[in-house]
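Some notes on the structure that comes next.
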Amino acid sequence: MAKPFFRLQKFLRRTQFLLFFLTAAYLMTGSLLLLQRVRVALPQGPRAPGTLQALPVATVALGVGLLDSRDLRDPRVSPDPLLDVDALRSPLARFPRDPRWPRRNRNSELRQLRRRWFHHQGSPTLGPEAPRPAALSRGTYLGCFRDEGQERTLKGMVFYDLRKMTVTHCQDACAERSYVYAGLEAGADCYCGNRLPALRVGPKECNQECKGEKGTVCGAVDRLSVYRVDALLSSSRKRRTATYRGCFRLPENITYTFPTSLVEANVTVETCSGFCSQKEFPLAVLRGWECYCAYPTSEFNLRDAVDSSLCGQVPKAQRLADYCEVYQTPVQDTRCTDRRFLPNKSKVFVALSSFPGAGNTWARHLIEHATGFYTGSYYFDGTLYNKGFKGEKDHWRSRRTICVKTHESGKREIEMFDSAILLIRNPYRSLVAEFNRKCAGHLGYAPDRNWKSKEWPDFVNSYASWWSSHVLDWLKYGKRLLVVHYEELRRSLVPTLREMVAFLNVSVSEERLLCVENNKEGSFRRHGRRPQDPEPFTPEMKDLINGYIRTVDQALRDHNWAGLPREYVPR
């Protein structure tokens with residue numbers, strides 16, 4: 001009996017040693033592979049001081065397969081990289097999903113985490129040769145300038161591109177908006193304006209490469225590489241022109257309301273718009289041979305238009321002196337474009353919650369420009385960050401943003417927030433908008449084949465119930481709510497936005513709200529006619545959706561809110 005037992009014991013000892021040896025070999029192999037990948041990913045050669053950083057422990061663990069990607073957030077943006085699995089799960093997880101809408105597997109998540117970490121380690125470090133101004137640039141390089149703080153000189157239009165920013169891209173965008181100067185900062189930021197920054201610095205201070213153009217300088221932190229692009233204005237194929245806003249009664253005090261003017265014989269719309277664009281005014285006002293430049297104000301409100309015939313029924317020289325024609329110039333109203341993170345962590349954690357396709361991104365645009373503070377997001381969307389939503393990269397629990405976008409529902413996810421703005425939109429339009437986004441991105445339309453395939457009915461069957469459950473969950477578990485209807489926000493923007501800003505406990509001026517109204521569309525509005533049939537919903541789909549509409553309408557009334565807008569509640 002003792003002999004078999006001794007043999008078994010000897011076998012187990014050998015097996016244990018073998019397992020230990022294999023495990024150690026596996027870990028060493030994984031570490032060597034990761035180190036080799038680091039050497040390939042990070043640029044070689046001389047580096048500026050402090051550019052080489054140690055790999056986070058979480059990333060090393062990913063390289064050797066010790067940690068599951070579901071338990072990690074991006075180490076660049078999260079002070080606490082280990083999160084609960086439920087905090088990172090997709091908002092669709094609790095709803096039935098069709099095989100046509102698969103979730104990414106674990107391997108793709110690992111690759112995405114590695115790729116995002118390596119990509120965002122910082123701007124390309126300088127090798128032996130510093131980047132130079134673009135040799136093939138169509139604009140004129142003016143030098144390196146200091147332009148920082150909230151009172152920027154170049155602030156007419158701002159956009160970012162973390163991966164593909166080039167000098168030509170920035171120049172074309174500024175020329176399209178009729179700006180004279182284009183400035184590039186930190187390798188990925190583009191600023192436009194009609195006044196040159198006053199502080200010129202040494203050329204070596206602009207030492208970061210453009211993200212999408214190696215060897216070409218794109219400024220540095222708080223440093224702008226500035227180009228003059230006025231020569232491109234006439235050749236810009238996408239150049240925007242003045243847009244007619246209507247006929248208006250002149251204010252009583254013209255000099256006070258219209259600070260800049262031009263009197264010229266036979267003045268045209270193009271002449272007046274060009275003059276006001278150069279002065280960076282968003283409105284060009286024409287009365288006879290007089291041209292005025294202005295901002296929308298409480299004394300001159302664009303919502304007070306009158307019959308256009310009062311401005312156009314007689315020749316220009318004989319038109320009524322009390323009325324004027326107003327045109328929107330290509331430049332942006334800059335009174336509400338300055339944005340920043342909260343100076344101190346917010347004590348109240350506020351959500352901006354909506355069903356996908358309900359206008360959450362547009363509402364964020366309005367809130368950011370009204371309050372002057374960035375909004376955050378439960379998710380990360382590089383496309384939104386490139387369009388100016390800098391809070392997109394910030395960790396959603398940082399409390400440095402005025403509110404946080406989320407499409408989540410469920411008791412646990414809702415109770416993480418102290419209060420919430422609940423944005424509700426007509427489910428028919430929300431479903432169409434979200435289907436377009438899934439198939440063709442933020443600004444595109446789903447092709448005809450998607451609407452005619454089984455994807456569309458499967459999508460409606462899966463998502464229609466989510467529209468209802470999202471609202472019901474927030475009404476049930478939300479601690480402090482402000483219900484905002486998308487249709488009301490579009491119809492009465494300033495009063496509704498004023499209510500939202502007050503809910504966020506931020507004081508803003510009336511002029512800033514009027515500036516937001518003047519820039520209300522933002523960068524995420526689909527233009528043109530959608531390619532699918534006008535009525536993509538079958539009678540069965542309508543019966544399903546109408547049932548959910550009635551349920552949500554009654555739930556709102558039961559919680560002492562006004563019901564859904566009558567325009568889409570079935571009778």
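Here LEU22 and ARG340 are evaluated by their C-beta separation; at R0 = 51 Å the FRET efficiency comes out at 0.45. Taking 27 Å as the straight-line reach from the Cα of LYS452, the lysines in range (excluding those fewer than 8 positions away in the same chain) are LYS438, LYS542. Computed from phi, the 3J(HN,Hα) profile of the range 434-448 under the Karplus parametrisation 6.51, -1.76, 1.60 (θ = phi - 60°) reads 5, 5, 4, 5, 5, 8, 9, x, 5, 10, x, 10, 4, x, 4 Hz, with x in place of Gly and Pro.
Taking all Cα pairs closer than 8 Å and separated by 6 or more residues, the relative contact order of the range 395-497 comes to 42 percent.
Applying the Karplus relation 6.51 cos²θ - 1.76 cosθ + 1.60 with θ = phi - 60° to the range 402-416 yields 3J(HN,Hα) values of 6, 7, 10, 5, 7, 10, 6, 9, x, 4, 4, 5, 6, 6, 5 Hz, where x marks Gly and Pro.
Taking a ≥ b ≥ c as the square roots of the eigenvalues of the Cα gyration tensor of the range 167-286, is the shape rounded (a/c under 1.5), prolate (a/b larger than b/c) or oblate? Note, shape of the range 167-286 comes out prolate. Cross-link partners for LYS393 among the aspartates and glutamates, with Cα-Cα distance under 17 Å and sequence neighbours closer than 8 places in the same chain left out: ASP74, ASP80, ASP161, ASP189, GLU368, ASP381. The residues neighbouring ALA555, those whose beta-carbon lies less than 12 Å from its own, together hold a net charge of 0 under the Lys/Arg +1, Asp/Glu -1 convention.
Backbone geometry of the range 198-207 corresponds, through the Karplus equation with coefficients 6.51, -1.76 and 1.60 at θ = phi - 60°, to 3J(HN,Hα) couplings of 7, 9, 8, 10, x, x, 6, 6, 8, 10 Hz, x marking Gly and Pro.
Note on CYS293: accessible area is roughly 0 Å² with a 1.4 Å probe, heavy atoms of protein only.
In nm, what is the difference between 0.36 nm times the number of residues separating SER462 and LYS164 and their Cα-Cα distance?
Numbers: separation 298, 0.36 × 298 = 107.28 nm, distance 3.56 nm.
Here the segment from SER462 to LYS164 would lengthen by 103.7 nm.
Within a straight-line Cα-Cα reach of under 21 Å, LYS214 can be paired with the following lysines, leaving aside sequence neighbours fewer than 8 residues apart in one chain: LYS164, LYS204.
Hey, what did the range 166-268 get for relative contact order, percent, Cα under 8 Å, at least 6 apart?
Relative contact order, the range 166-268: 29 percent.
Database remark: amide H of GLU209 closer than 5 angstrom to the amide H of CYS218 (H placed geometrically; neighbours at sequence offset of 5 or more, or on other chains; Pro and chain starts carry no H). Considering only the other residues whose Cβ falls under 9 Å of the Cβ of ARG339, what net charge follows from Lys and Arg at +1 and Asp and Glu at -1? Net charge around ARG339: 0. Label point of ALA562 set 7 angstrom out along Cα-Cβ; within the range 480-499, amide nitrogens under 20 Å from it belong to 481-499. To the nearest 10, the accessible area of CYS144 is 0 Å² with a 1.4 Å probe.
If you plug the beta carbon distance of GLU499 and LYS204 into 1/(1 + (r/R0)^6) with R0 = 41 Å, you get a FRET efficiency near 0.20. Working ranking of peptides 492-501, 418-427 by packing, defined as the average number of other Cβ atoms within 10 Å per residue, highest first, is 418-427, 492-501.
The values are calculated or read from the model by the stated rules, or taken from the named source; none is laboratory data. Keep in mind that what you see is a predicted model, and the values were worked out from it rather than measured. Every residue, glycine among them, receives a Cβ derived from its backbone with ideal geometry; neighbour counts consider all protein chains shown. For the accessible areas, the whole protein counts, side chains as well, though only heavy atoms, and no ligand, DNA or RNA atoms are used. Shrake-Rupley method; radii C 1.70, N 1.55, O 1.52, S 1.80 Å.
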